[in-house]
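Enquirer: Structure incoming, see below.
Values in this text are rule-based calculations from the coordinates and carry no lab data. Note that the structure is a prediction, hence the values are computed from the model and not measured. Counting neighbours? That spans all protein chains shown, and the Cβs are built from the backbone with ideal geometry, glycine included.
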Amino acid sequence: MTDESENLRPRHDLRAQDVTLAYGDRVVVRDLDLAVVPAEVTAVVGANGSGKSTVLRALARLLSPASGQVLLDGKDLHRLPTREVARTLGLLPQSPVAPEGIAVADLVGRGRHPHQRFLAPWSAADTAAVADALDVTGTADLADRSVDELSGGQRQRVWLAMVLAQQTDILLLDEPTTFLDVAHQVEVLDLLTDLNRDRGTTVLMVLHDLNLAARYADRLVTVCDGRVHRVGTPDEVLTVETVREVFGLEAHVMPDPITGRPLVLPLGRHARLARSEQLPEIPPVTVEGRVAAQAPPST
Ligand SMILES: Nc1ncnc2c1ncn2[C@@H]1O[C@H](COP(=O)(O)OP(=O)(O)O)[C@@H](O)[C@H]1O
Ligand SMILES: [Mg+2]
């Protein structure tokens, strides 16, 4: 998959221009200008209800803008043929619903629909894509099980497999790590990084964990009250001010001792109090991850 021709392929360009999004009369996203940078990993972060899922739904053509345009390769996304769109971008919604009683392999196989032709429904390429998707998401042993009877974490990985089987250049993922324990969260993010590096897949995902977002994304987009608040590298975006403005939360931000990316430590009321009473300044962390001021004396 690290074939050079893969990486030389022209990348698809997805962007929103001056987009307003509404449910009925209720406008929830305003003046959205957002270019999804091809072949990069972008994480969207923001408080609950700030409009992140709504933005993703518009970028995936599930929601028509009340005004403005979403453009795929310069063309109005909402006027392009459905199959063409589905071969280019895949969406993992925040709360997908599986048809009752469907088996895992059949659900994942649905990711192949945009690639299938009317009279030649199932090809060797489809079989290979489904097997690959089951394999990389660690769900091959669930293939014959009913989706209904899986745990939340298993189900989330099966949905991810369905989107991967679609083999699109652009992946839009709404909280892909929900329901996953920390090891599986890291595994999914590592997998998305592999796809990005090996195949040049463009990834735009909503994440709740700021530290994982900073660790895995090339670019962060913060959303606040239906508007893009900031866009930039994790270093540029993830500051004490951003956490305060976007989440109304006081935090300490320091370099992650492993990657140097920003690491956010939320200060609840109790930690804030402890800090103001005891610690004039939170001491820096050494490379080994020990708090320098409290490191045991060397013997
Ligand atoms: N289907 C819908 N109908 C009406 N209002 C909706 C719908 N979906 C979301 N909203 C509202 O739009 C706002 C943004 O929601 P959403 O995009 O889901 O936020 P987020 O993903 O950031 O939590 C919220 O106020 C939410 O209540
Ligand atoms: Mg959401």
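Enquirer: Which angle from 0 to 90°, rounded to the nearest 10, does the C-alpha axis of helix 124-136 make with the longest principal axis of the chain?
Expert: 20 degrees
Enquirer: If you filter the stretch 177-268 for chymotrypsin sites (Phe, Trp or Tyr not before Pro), then keep DSSP loop positions with at most 16 other Cβ within 10 Å, what is left?
Expert: Phe179
Enquirer: Which of the chymotrypsin sites (Phe, Trp or Tyr not before Pro) across the stretch 94-175 are loop residues per DSSP, with 12 or fewer other Cβ within 10 Å? Mind dumping the intermediate values first?
Expert: On the way: sites: Phe118, Trp122, Trp159; in loops: Phe118, Trp122.
In loop regions of the stretch 94-175 (DSSP not H, G, I, E or B), the sparsely surrounded chymotrypsin sites (Phe, Trp or Tyr not before Pro) are Phe118, Trp122.
Enquirer: Related question: Restricting to the chain, compute how many DSSP beta bridges are antiparallel as a %, nearest 5. Before the final figure, lay out the partial values.
Expert: Working: 27 of 45 bridges.
Roughly 60 percent of the beta bridges in the chain run antiparallel, per DSSP.
Enquirer: Under the definition of Cα pairs under 8 Å and six or more residues apart, what whole-number percent is the relative contact order of the stretch 191-236? Before the final figure, lay out the partial values.
Expert: Details: 32 pairs, mean separation 10.7, N = 46.
Reported relative contact order: 23 percent.
Enquirer: Rounded to whole Å, give me the distance from the Cα center of the stretch 202-246 to that of the stretch 12-57.
Expert: Going from one Cα centre to the other spans 13 Å.
Enquirer: Counting DSSP beta bridges with both partners in the stretch 149-232, what percentage is antiparallel, nearest 5? Please list the in-between numbers first.
Expert: On the way: 5 of 10 bridges.
Expressed as a percentage, antiparallel bridges in the stretch 149-232 total about 50.
Enquirer: Can you tell me the dipole magnitude for the chain around its Cα centre, using point charges on the Cβ only (Lys, Arg +1; Asp, Glu -1), in Debye to the nearest 20? Display every interim value, and only then the final one.
Expert: Values: 30 positive and 41 negative charges, 136 e Å.
Once rounded to the nearest 20, the dipole reads 660 debye.
Enquirer: Taking the chain as the reference, fit the longest principal axis to its C-alpha atoms, fit the long axis of helix 152-165 to the helix C-alpha atoms, and give the angle between the two in degrees, 0 to 90, nearest 10.
Expert: With both axes taken from Cα atoms, the answer is about 50 degrees.
Enquirer: If you fit an axis through the alpha-carbon atoms of helix 269-278 and take the longest principal axis of the Cα set of the chain, what angle between them do you get, 0 to 90°, nearest 10?
Expert: On a 0 to 90 degree scale, this one is about 30.
Enquirer: Relative contact order of the chain: what whole-number percent is it, with Cα pairs under 8 angstrom and at least 6 residues apart? Intermediate values should be presented prior to the final figure.
Expert: Values: 535 pairs, mean separation 62.3, N = 299.
Relative contact order comes out at 21 percent.
Enquirer: Further question: Can you give the calculated 222 nm mean residue ellipticity of the chain, where each DSSP H run of n ≥ 4 adds -39,500 (n - 2.57) and the sum is split over every residue, rounded to the nearest 500 deg cm²/dmol?
Expert: Values: 11 runs with 100 residues, N = 299.
So the calculated ellipticity at 222 nm is -9500 deg cm²/dmol.
Enquirer: Taking the chain as a Gaussian network, where each spring joins two C-alpha atoms under 10 Å apart, which residue of Leu173, Leu72, Leu207 fluctuates the most?
Expert: Among Leu173, Leu72, Leu207, the largest GNM mean-square fluctuation belongs to Leu72.
Enquirer: Would you pull out the residues with amide H under 5 Å of Leu173's amide H, same chain only if 5 or more places away, H placed 1.01 Å from N?
Expert: Leu92, Leu204, Met205, Val206
Enquirer: Given H placed on each backbone N at 1.01 Å, which residues far from Leu263 in sequence or on other chains put an amide H within less than 5 Å of it?
Expert: So Leu263 has HN proximity to Met254, Asp256.
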